[in-house]
Amino acid sequence: MLGGELAAVRCDLEDFAAEIFEPFARADQRRWGQVYLRGLLLDGRRKSVEPMAARLGEDGNRQALAHFVTSSPWEAAHVRARLAWRMQQVIKPTALIIDDTGFLKDGDASACVTRQYTGTAGKVTNCQAGVSLHLACDRASAAVDWRLFLPESWDPASPKADAAKVARRAACGIPTEVGHVEKWQLALDMIDETRSWGVEVPLAVADGGYGDAAAFRLGLEERGLHYVVGISTTTTAHPEEARPHTPPCGGRGRRPQPVYPEAAQAVKKLVIAAGRQAARPVQWREGSRRGSGRSGFKRMYSRFVALRIRPAGREIRKAAGGPELPGRWLLAEWPATEPEPVQFWLADLPADTPLATLVRTAKLRWRIEHDYREMKQALGLAHFEGRTWRGWHHHVTLVSVAHAFCTLQRLTRSPKGTAPA
């Protein structure tokens with residue numbers, strides 16, 4: 001926001017900050033929390049402490065801001081809980097969206113930095129990775145929980161531990177009990193945490209980095225959550241009509257157990273076998289480009305195939321508790337211009353779920369990409385220059401608060417309470 005724009009909503013910001021920072025024990029923490037928010041919201045290319053302090057005028061105390069975000073002993077989880085309660089009331093979320101984003105780094109001194117793949121750069125590079133959980137509906141979304149991913153090279157208990165990185169844990173303030181945990185498990189941990197705050201949303205959405213992990217899908221099912229998650233083309237399954245059969249007994253040894261007579265097939269093969277004729281056109285939301293429709297914007301449109309299948313795999317068989325594997329939805333996007341399907345999702349929504357509902361739910365993941373873009377381009381999500389574990393979690397939490405404030409302003413000012421994409 002430009003200075004004049006921020007001045008116009010200064011009272012709103014002060015009221016919002018007072019509500020969200022209510023858990024702070026001291027008045028100086030509440031003061032510098034509000035100042036830090038203003039620094040994030042003010043127009044400027046960099047949102048690290050020094051340039052923000054330069055733009056904040058008489059409140060631009062660089063040392064106080066640096067201490068507040070890096071060292072001050074306030075619990076980020078308490079702030080995020082307040083934020084989640086507030087945004088749940090406003091957004092009325094239909095889904096939890098989970099993903100991760102990269103924080104590119106030049107050096108190797110920051111907590112948990114290593115060479116790893118990140119979609120932010122589209123390659124393996126030197127970075128941190130943060131996993132986030134967002135409350136979302138069609139019109140708005142908000143990041144309400146975060147975890148900094150700790151690679152195996154930073155975990156002294158891992159056979160892949162790097163002695164130099166392990167030695168930096170103390171300087172980075174990484175708690176001794178924190179070890180390497182897969183991103184999908186961090187996602188489940190965040191779901192558990194948000195539920196402990198009283199935030200209950202019955203559906204989870206994630207991309208293939210999470211959906212490919214059978215343990216993640218089973219974890220959602222154990223928690224009573226429905227899901228629509230991306231999967232890779234190599235995920236295997238049986239058609240829904242397939243049934244296990246018991247082979248004839250040979251007369252010796254253990255009696256044979258029921259098995260599926262045909263091997264499980266890759267989901268891509270199942271969709272191609274269904275053929276182009278199985279694809280149906282679906283429009284799922286308005287885009288950002290101008291169009292000739294009633295709304296003035298083009299509708300997002302493609303063709304989709306939905307099949308009932310039985311996902312395979314050792315973990316799935318073990319969890320099934322019997323020979324018959326559970327039925328699930330396989331959704332595939334197959335544009336008319338493409339020779340084969342281009343994207344796949346697995347869903348455990350009811351068998352009578354309409355195709356349009358499957359598509360809209362799968363495509364809701366665009367909200368988290370929208371949030372990342374706004375938080376990085378406008379609010380300095382990736383600009384934190386501190387090196388500590390606590391500082392990273394403080395900064396991403398404060399950026400989430402600033403982003404939520406912007407979302408609330410949009411919802412308040414937009415006609416019929418709908419925020420533009």
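The values are calculated or read from the model by the stated rules, or taken from the named source; none is laboratory data. None of the values given here were measured: they were computed from a predicted structure. Neighbour counts run over all protein chains shown; Cβ positions are idealised from the backbone, glycine included. Calculation scope for accessible area: heavy atoms of the full protein, side chains included, ligands and nucleic acids excluded. Shrake-Rupley method; radii C 1.70, N 1.55, O 1.52, S 1.80 Å.
Observations, loosely collected:
- Here the peptides 366-372, 194-200, 20-26, 144-150 are ranked by packing, the mean other Cβ count within 10 Å, and the order with the highest first is 144-150, 366-372, 20-26, 194-200.
- Shape summary of region 150-283, radius of gyration then Dmax from alpha carbon positions: 21.9, 67 Å.
- Shape descriptor for region 116-201: Rg over Rh equals 1.04 (Cα atoms; Rh from the Kirkwood inverse mean 1/r).
- Over the chain, DSSP H runs of length four or greater, each weighted -39,500 (n - 2.57), average out per residue to a 222 nm ellipticity of -11000 deg cm²/dmol.
- Region 328-421 - convex hull of the alpha-carbon atoms, volume per residue in Å³: 189
- Cα-centred dipole magnitude for the chain, charges only on beta-carbon of K, R (+1) and D, E (-1), debye, nearest 20: 980
- Within region 165-206, the ratio Rg/Rh, alpha carbon atoms throughout and Rh by Kirkwood, equals 1.14.
- The mean sequence distance of close C-alpha pairs (under 8 Å, at least 6 residues apart), as a share of the length of the chain, puts its relative contact order at 18 percent.
- Just the protein heavy atoms count here, and of the accessible area of region 313-421 at 1.4 Å, carbon and sulfur take up 51 percent.
- Against the empirical curve 2.2 N^0.38 Å, the C-alpha radius of gyration of region 76-223 lands at a ratio of 1.10.
- By the equivalent-ellipsoid construction on the alpha carbon gyration tensor, the chain comes out with semi-axes of 42, 28, 18 Å, ordered largest to smallest.
- Average silhouette area of region 20-117, convex hull of alpha-carbon atoms, in square nanometres: 8.6
- Förster radius 30 Å - calculated FRET efficiency between A320 and E177 (Cβ-Cβ, nearest 0.05): 0.30
- For region 1-76, the per residue solvent-accessible surface stands at 51 Å², with DNA, RNA and ligands left out and a 1.4 Å probe.
- Binned Cα-Cα distance frequencies in region 37-82 - 5 Å width, integer %: 5, 22, 26, 19, 17, 11, 0
- Two-site FRET efficiency, A77 against Q283, from Cβ-Cβ distance with R₀ of 30 Å, rounded to 0.05: 0.15
- Highest-fluctuation residue, G391, G211, G107 considered, GNM on the chain with Cα pairs under 10 Å: G107
- Annotation: per residue accessible area for region 131-212 equals 38 Å², rounded to a whole number [probe 1.4 Å, protein chains only].
- Accessible area of region 4-71 belonging to carbon and sulfur atoms, whole % at 1.4 Å probe: 44
- Carbon/sulfur fraction of accessible area - region 85-194, other protein chains in place, 1.4 Å, %: 52
- For region 276-396, the solvent-accessible area with a 1.4 angstrom probe is 51 square angstrom per residue.
- Pairs exceeding a 29 Å alpha-carbon distance, out of K105/K160; K165/K318; K47/K298; K92/K183: K165/K318; K47/K298.
- Sites A336 and A157 - FRET efficiency at Förster radius 41 Å, r taken between beta-carbons, to 0.05: 0.20
- Estimated Rh, region 163-241: Kirkwood, alpha-carbon pairs, angstrom: 15.0
- For the chain, built as a Gaussian network whose Cα springs stay under 10 Å, the top-fluctuating residue of W32, W345, W184: W32
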